[in-house]
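Notes for the one structure printed next.
Read-outs throughout are calculated quantities, based only on the coordinates presented, and are distinct from any laboratory measurement. Predicted, not measured: the structure shown is a model, and the values here were computed from it. Glycine gets a Cβ as well: all are built from the backbone with ideal geometry, and neighbour counts include every protein chain shown.
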Amino acid sequence: MAVSCVVSNASNMDQIVDAVWARLHAGANADKERSPFTMLQAATIALDGAPAVRTVVLRRASREQRSVMFHTDVRSTKVAELRRDPRISLVGCDLDGGVQIRLHGVARIVEAPSETRGVWNSSRPRTLIVYRTPIAPATPITSPTEAHATTHVEGLDSSAGFDNFCLIEVAISRIDYLDLNPAGHMRASLVFEEGKWRGTWIAP
Ligand SMILES: Cc1cc2nc3c(=O)[nH]c(=O)nc-3n(C[C@H](O)[C@H](O)[C@H](O)COP(=O)(O)O)c2cc1C
């Protein structure tokens with residue numbers, strides 16, 4: 001894959017920055033062909049102060065806006081956690097390429113229909129099913145079927161579940177890039193300052 005070539009040859013900071021965003025864009029825009037960075041793990045601070053982590057699908061990556069985005073349920077635990085403390089970290093890993101990218105930033109919970117409606121309308125119906133169950137995530141239930149949404153009802157309103165849908169937009173302030181290159185491991189810390197990503201090499 002072209003992106004991994006860029007990464008394995010990347011040796012100066014500009015190349016590293018290019019490679020990081022190329023990988024995130026590939027992750028967010030992967031269609032049938034999965035990219036290693038389509039699934040990221042997102043870490044928040046739980047309400048009791050413990051770390052909390054879960055897998056999310058990277059839906060958008062914008063180098064210009066220095067942000068990434070995923071979709072979630074407004075009723076979920078992670079949203080409650082982010083309302084209390086919006087700091088968030090995400091990590092993705094290309095196991096074949098030996099590359100790890102860690103993103104650090106602040107989350108914005110996007111709930112306004114003016115911002116969410118277009119995304120909802122352009123999402124594949126299959127991905128919206130989870131928002132259609134009236135039972136909030138993490139509610140105790142007696143069997144899995146209890147929380148299954150009724151999706152095959154004649155004339156189901158295409159907006160059903162829309163009120164439970166939100167976007168999490170993460171403004172990224174720092175990136176940690178690690179390349180376990182056989183020719184020599186490389187790790188860089190990238191911080192956005194004065195209109196530019198500035199990188200420093202750090203020991204892996
Ligand atoms: C492959 C995979 C992709 C997932 N993608 C998402 C996602 O994009 N958004 C989301 O809210 N949950 C996603 N989940 C479920 C979360 O990992 C998590 O179980 C759920 O959101 C509840 O998390 P919370 O209790 O921390 O809020 C995904 C799970 C898997 C296994």
Would you mind computing Rg(Cα) / (2.2 N^0.38 Å) for segment 136-204, counting N as its residues? 2.08
Paramagnetic reach from Asp163 (point 7 Å along Cα→Cβ, amide N under 13 Å) across segment 110-135: 132-135
For Arg60, distant residues with modelled amide H under 5 Å away: Met69
Please compute, for the alpha-carbon atoms of the chain, the extent along each of the three principal axes and give them in descending order in Å. 58, 38, 34
Per-residue [θ]222 nm for the chain (sum of -39500 (n - 2.57) over DSSP H runs n ≥ 4, rounded to 500): -6500 deg cm²/dmol
Karplus ³J(HN,Hα) for segment 106-113 (6.51 cos²θ - 1.76 cosθ + 1.60, θ = phi - 60°; Hz, whole; x = Gly/Pro) runs 10, 9, 10, 8, 9, 10, 5, x
Each residue of segment 160-172 in order: what ³J(HN,Hα) in whole Hz does its phi give by Karplus 6.51 cos²θ - 1.76 cosθ + 1.60, θ = phi - 60°, with x for Gly and Pro? 4, x, 4, 5, 8, 9, 8, 10, 10, 9, 10, 7, 8
Please work out the FRET efficiency for the pair Ala136 and Ser173, using the Cβ-Cβ distance as r and a Förster radius of 22 Å; give the result to the nearest 0.05. 0.10
Quick one: which residues, 5 or more positions from Leu156 or on another chain, have an amide H under 5 Å from its amide H? H modelled 1.01 Å from N in the peptide plane, none for Pro or chain starts. none
Hey, can you grab everything whose amide H is under 5 Å from the amide H of Phe192? Only 5+ residues off in sequence or another chain; H modelled, so Pro and N-termini drop out. Arg198
Note, ³J(HN,Hα) from phi for segment 52-62, Karplus 6.51, -1.76, 1.60, rounded to Hz, x at Gly and Pro: 9, 9, 7, 7, 9, 8, 6, 9, 8, 9, 10
Quote the FRET efficiency, to the nearest 0.05, computed for Val53 versus Leu156 with a Förster distance R0 of 35 Å and r equal to the Cβ-Cβ distance. 0.55
Before anything else, pin down the relative contact order of the chain: Cα pairs under 8 Å, at least 6 apart, normalised by residue count, whole percent. 20
With a 10 Å radius around each residue's Cβ, average the other Cβ atoms per peptide and rank 12-25, 172-185, highest first. 12-25, 172-185
Mind checking the full-extension length gain between Thr200 and Arg34? Use 0.36 nm per residue of separation minus the Cα-Cα distance, one decimal, nm. 56.7 nm
Peptides 50-59, 102-111: what's the order by average Cβ count within 10 Å, highest mean first? 102-111, 50-59
